[in-house]
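Here's the structure we're looking at; comments come further down.
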Amino acid sequence: MLDEVRGLSAYTAYNANVDAIVNLKAEIVQNLIDSFGADEIRRRIEEYPREIREPLDFVARLIHALKTGKPMAVPLTNEEMHRWFDETFKYDMERIGGQAGIIANLMAGLKVKKVIAYTPFLPKRLAELFRRGVLYPVVEEGKLKLRPIQEAYREGDPLKVNRIFEFRKGMKFKLGDEVIEVPHSGRFIVSSRFESISRIETRDELRPFLPEIGRQVDGAILSGYQGLRLQYSDGKDANYYLRKAKEDIMALKEADIKVHVEFASIQDRKLRKKVVTNIFPLVDSVGMDEAEIAYILSVLGYRDLADRIFTYNRIEDAILGGMIILDELNFEILQVHTIYYLMYITHRDNPLNEDELAKSLEFGTTLAAARASLGDITKPEDYEVGLKVPFNERSDYVKLRFEEAKRKLRMREYKVVVVPTRLVSNPVSTVGLGDTISTGTFLSYIALLRRH
Ligand code: AMP
């Protein structure tokens, strides 16, 4: 299977960002407190800013997070503050974030035949985080060219940096007279949310070449719609960008390739509904985790089932919910990843049989297990590491519950396949595992279709 997957070419868009990581030390925190003043910070913690507009907002939310030891993420809405952060902190590491970025680097690590990645913004700091082999489409003298992405950056493009402040249990510092000891290890994330980086689209000059890109690949993996806004200052809105997104998908599909959307959570119910109802019916394949099934059902009007999934987390409800989503939005295949199992739901007429679908899911969980074990996939042989990771200890329970669900639900019109996950007990990293599963399952799905 690995060789067949590596024989494919793929396109991925739209979201990639810089993840900048800071391992917080007590003296860094103490210095921040000393320069902003304990009383000022306390007052700002009371106000509890929901977004970061100035440094004091950040310091207040950080200290609050450290005090409680709870992982938190706060949006940064003032683009000017990039400078303050970069001058104040030394980053221990920068790595690629965002689904399209993670997926492009994963495919380049596997050395699949051709990897084309597209993001509407490509500042140098981002371009440099892509792995060698990733190509970026540019238009030169009226023609489509694929350039090594590291060379294709544009000076002055907006930059999305998510800053991740990692903290350890037991760290101690003083806020005025109060001694604070961090109760749990965790992370405080400052995510960039500026309007300049929320125009998720294919730039005008490239758009006419999407059919040509489609002809050069076997599949496309699209993600990042969660970064859209309902309204923009120039009067454009989510509807505008979603119309463009639909045109992109249709242009890519002129070459009759398969298109997968990797869905990520969208807080805003209105935007979630718009993305789901506009995009899903146009694509072939959708990937998500089980919480997303519930969130989507809830905006499609299935509140009771959504609540049941949130409360009980039962396989049979996830299957029922998945069948509803597949039917209401009418695409080819739904892939769901959870901690203990992966699942495919397709219509009965899918060309792949249940065994083949199971093989594809197994490929996905094996790839994720390899990444969890190693922290990253840098060469094709890394896949083998995943084969040594055992299936999780609840595998029998998963199978039992699945058999039970088959007896209870009307599933005749569908093919539903469930396989247990391979779980790494001490993962080096869990970043991007969902994206890894989806890339592995989607590419192996295409590879298996090829056999028919
Ligand atoms: P996400 O949180 O959406 O990136 O996806 C997480 C998925 O990765 C889960 O649904 C699991 O299937 C898988 N996963 C999580 N932790 C591990 C682990 N330690 N080893 C292997 N797979 C994992």
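Residues in the range 402-416 that are in a helix (DSSP H, G or I) and either open to solvent by 20 Å² or more (accessible area, probe 1.4 Å) or at pLDDT below 95 (or both): Glu403, Glu404, Lys406, Arg407, Lys408.
Answer with yes or no whether Arg451 is more than 9 Å from the ligand (Cβ to nearest atom), of a type outside the set (Ser, Thr, Tyr) and farther than 23 Å from Glu316 by Cβ.
Values: more than 9 Å from the ligand (Cβ to nearest atom): yes; of a type outside the set (Ser, Thr, Tyr): yes; farther than 23 Å from Glu316 by Cβ: yes.
So Arg451 passes the test.
For the range 91-104, the criterion of being farther than 30 Å from Val139 by Cα and over 21 Å from the mean Cα position of the chain (by Cα) is met by at least one residue. Is there a residue in the range 293-308 that is within 16 Å of the ligand (Cβ to nearest atom), under 21 Å from the mean Cα position of the chain (by Cα) and in contact (Cβ under 8 Å) with a residue 40 or more places away in the chain? Yes, because at least one residue in the range 293-308 is within 16 Å of the ligand (Cβ to nearest atom), under 21 Å from the mean Cα position of the chain (by Cα) and in contact (Cβ under 8 Å) with a residue 40 or more places away in the chain.
Residue check: Ser395 meets all listed conditions (1) of a type in the set (Ser, Thr, Tyr); (2) away from the ligand (no atom under 11 Å from the Cβ); (3) under 20 Å from the mean Cα position of the chain (by Cα) but one, namely (3). For the range 372-401, a residue qualifies if it is farther than 22 Å from Gly322 by Cα, of a type in the set (A, V, I, L, M, F, W, C) and not in a strand (DSSP E or B), and the qualifying residues are Ala372, Leu374, Ile377, Val385, Leu387, Val389.
If the condition is being assigned to a strand (DSSP E or B) and more than 18 Å from Ile446 (Cβ to Cβ), then the range 321-336 contributes only Val336. Selection of first residues in the range 143-159 that are in contact (Cβ under 8 Å) with a residue 12 or more places away in the chain and farther than 21 Å from Gln216 by Cα and of second residues that are open to solvent by 30 Å² or more (accessible area, probe 1.4 Å) and not basic (Lys, Arg), restricted to Cβ pairs under 8 Å at least 6 apart or on distinct chains, gives the following pairs, ordered by first then second residue: Tyr153/Glu128; Arg154/Phe121; Asp157/Phe121; Pro158/Glu79; Pro158/Phe121; Pro158/Ser196; Leu159/Phe121. Out of the range 398-436, which residues are within 12 Å of the ligand (Cβ to nearest atom) and under 21 Å from His347 (Cα atoms)? Once the filter is applied, which keeps residues that are within 12 Å of the ligand (Cβ to nearest atom) and under 21 Å from His347 (Cα atoms), the range 398-436 yields only Val419.
Is there a residue in the range 344-364 that is away from the ligand (no atom under 16 Å from the Cβ), open to solvent by less than 30 Å² (accessible area, probe 1.4 Å) and in a helix (DSSP H, G or I)? The answer is yes; a qualifying residue exists.
The values are calculated or read from the model by the stated rules, or taken from the named source; none is laboratory data. Just so we're clear, the structure is a prediction, and the values are computed from it rather than from any experiment. Quick reminder, even Gly has a Cβ in these numbers, built from the backbone with ideal geometry, and neighbours come from all protein chains shown. The protein model used for the area step is the full one, side chains on, heavy atoms only, and it has no ligands, DNA or RNA in it. Shrake-Rupley method; radii C 1.70, N 1.55, O 1.52, S 1.80 Å.
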